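Here is the structure we will look at, set down as structure tokens.
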Amino acid sequence: MNSVRISVINTMIKASVFVLLLSFASCSSSPSATITAENEPNENMITLTKEQFTTSEMKLGPAIDTLFDKLIQTTGYIEIPSQNSSQTGSIFGGKIAAIHVTLGQRVEKGQALVSVENTEFLMIQQDYLETSSRSTQLQQDYDRQKNLAVDNIASQKELQRAQSELTSSLVKLNALKQKLLLLQIDPSKLTTDLLSARISLKAPFSGKVSQIYVSLGQWITAENPAVEVINPDVLQANMRVFEKDITYLEKGQKVYFKMNDRPDVRFEGAISQISPQIDMEKRSSEVIATVKDSEQTLLRPGMFVNIDIVVGGTAVTCLPNEAITEADERYYVVYKQGENANELLFERLEVKPGRSMHGLTEIQFVTTPPANAIYIYNKVFQLIQSQE
């Protein structure tokens, strides 16, 4: 219906030009070739000379039987999947010594985001190197005691002591190793020359910096995130669908998104997740749809969108949008009733327009037209205006 109104508005400015064309064609034709609709007892009849029809560049065609998508309409918002969003911080806290990125900057996986200073970092590295060295010595002692025990030179008690000390040291070494990994320090590359109280918090994946929560010199704790990184190349729409419609949904069904301020632009996606639970208060379920070609769209996280979910097809009879016009709060189409050597006879029929899709509008005839009727596809608004 909206498409029909838009088509009417867009073509109104062309009506006067069309009337002039018809008038010009009428003046150049013989008196018998003028429009005679005004003299017809049936006000729905329109007569045009063939010259008028040709000059006006009208097109004819049959009613079109096709399938229109059966839609479930809802609203939602665009978001980043949780696995593509990360807030990076230091698990031990510290002072922000440097900020290496800016808001919106593209970063690669492993790239330094901020640097944090804390003497505790230095102590962990020191403990790791000392424990690693001690574990090496204890391993040698254990191997020696084991060989002596085989030859009955050393007692089993000494062997057990060496084994216990080695195990305890290895446990501590592994715990310190895990701490270093949490600090994003590679234990295998740590040496006495590389000890530092400063560490770099690195990007967990390639993406863009969406938030910077800290400032230079600020002290942060383990609970404080420093930088948020997102991957905007993958977007999804979060929506709610009422329980009466939820049984029609399946994973993979096509979904269309439109922004409020750009209703002429449509984006495509597909349902990826359907919640198995109905919210008792809202009487609806959460549904997630992945946006197709996210990196190439105008959509951004947080945007509100209108959503059409395609759940099937409906057989309809339709005509091009410009074949339908409004007059006196009613809608009409014009079909060809007949012709003679010089004239074409048309009749307008009242219709009830329905949904519009892909340049076509669904119609229901108030009066049944003749079988195999041929309709004027374009400039119907101008034609009817010229008869008034």
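The values are calculated or read from the model by the stated rules, or taken from the named source; none is laboratory data. Note that this is a predicted model, so its numbers are computed, not measured. As a convention, Cβ positions derive from the backbone with ideal geometry for all residues, glycine included, and neighbour counts pool all protein chains shown.
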Original post:
Are any residues in the stretch 267-307 surrounded by 12 or more Cβ atoms within 10 Å (Cβ to Cβ), free of Cβ contacts under 8 Å to residues at least 40 places away in the same chain and either in contact with a Phe, Trp or Tyr (Cβ under 9 Å, 6 or more places away or on another chain) or under 16 Å from residue 234 (Cα atoms) (or both), and if so, which ones?
Top reply: 267, 268, 269, 270, 271, 272, 273, 292
Original post:
From 345, 360, 383, which residue is crowded, with 17+ Cβ neighbours inside 10 Å, in the same structural domain as residue 45 (by TED's automatic domain parsing) and farther than 17 Å from residue 316 by Cα?
Top reply: 383
Original post:
In the set 29, 85, which member is farther than 30 Å from residue 333 by Cα, surrounded by 13 or more Cβ atoms within 10 Å (Cβ to Cβ) and either touching a helix residue (DSSP H, G or I) at 6+ places or on another chain (Cβ under 8 Å) or at pLDDT 50 or above (or both)?
Top reply: 85
Subject >> Of all residues making up the stretch 122-134, the number that are in contact (Cβ under 8 Å) with a residue 12 or more places away in the chain and more than 18 Å from residue 189 (Cβ to Cβ) >> reply: 1
Subject >> Cβ-Cβ under 9 Å pairs, at least 6 apart or on other chains, the stretch 237-263 side at positive phi, far side aliphatic (A, V, I, L, M) and outside any loop (DSSP other than H, G, I, E, B) >> reply: 252/270; 252/271
Original post:
Across the stretch 214-236, what is the number of residues that are assigned to a loop (DSSP other than H, G, I, E, B) and aliphatic (A, V, I, L, M)?
Top reply: 6
Original post:
Are any of the residues in the stretch 146-167 in a helix (DSSP H, G or I), in contact with a Ser or Thr (Cβ under 8 Å, 6 or more places away or on another chain) and more than 30 Å from residue 84 (Cβ to Cβ)?
Top reply: yes
